[in-house]
Amino acid sequence: MMKFYIMCCGLFIIVLAAISCSSTNSKPSISFSADSNSIIINHIDASSILRLKKAYKAHPDTINFISVLVTPTEEDGLQKEEKINGNVKFLSHGLIFYPLKPFEKGKSYLIENYIDTKFADTEKLLKGSIKHKLEPQQQILER
């Protein structure tokens, strides 16, 4: 029984080390394009891009893997975020979000996406901070 326990612990440590050495632990980066007319999400692995393309092709109106929301400012009369609708173009390493209405200067935009998000990675496993729901990657961009 003790040998089995030691063998399982050793195997767990080896698997944990292999997972932590993988290069897929980086999050996608989110930024405005050079002219601030679109949002670019880079550093998405090829398998995720392929899955996104398939899902988007099958259900372009219902799939919601990226949300762009205009956030209220203190001077603004908005009480909550408003969703910005747009189109998506896939690249080999990421995607581009084109809004149906241009982004306004002086506004802040909250971008949420579930691309390459995971329930648990090695760091969360070791720290014991695993959550029970999938959390989106969020970033605020100012135009």
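Values quoted throughout were computed directly from the atomic coordinates according to the rules given, and no laboratory measurement underlies them. Since the model is a prediction, treat every value here as computed from it, not as a measurement. Cβ sites come from the backbone with ideal geometry, for glycine too, and all protein chains shown count toward neighbours.
Tabulated data for the structure shown
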{"read-out": "Qualifying trypsin sites (Lys or Arg not before Pro) for the range 77-114 [loop in DSSP, other Cβ within 10 Å: at most 13]", "value": "80, 105"}
{"read-out": "For residue 103, net neighbour charge (Lys/Arg +1, Asp/Glu -1) across residues whose Cβ lies under 11 Å away", "value": "+1"}
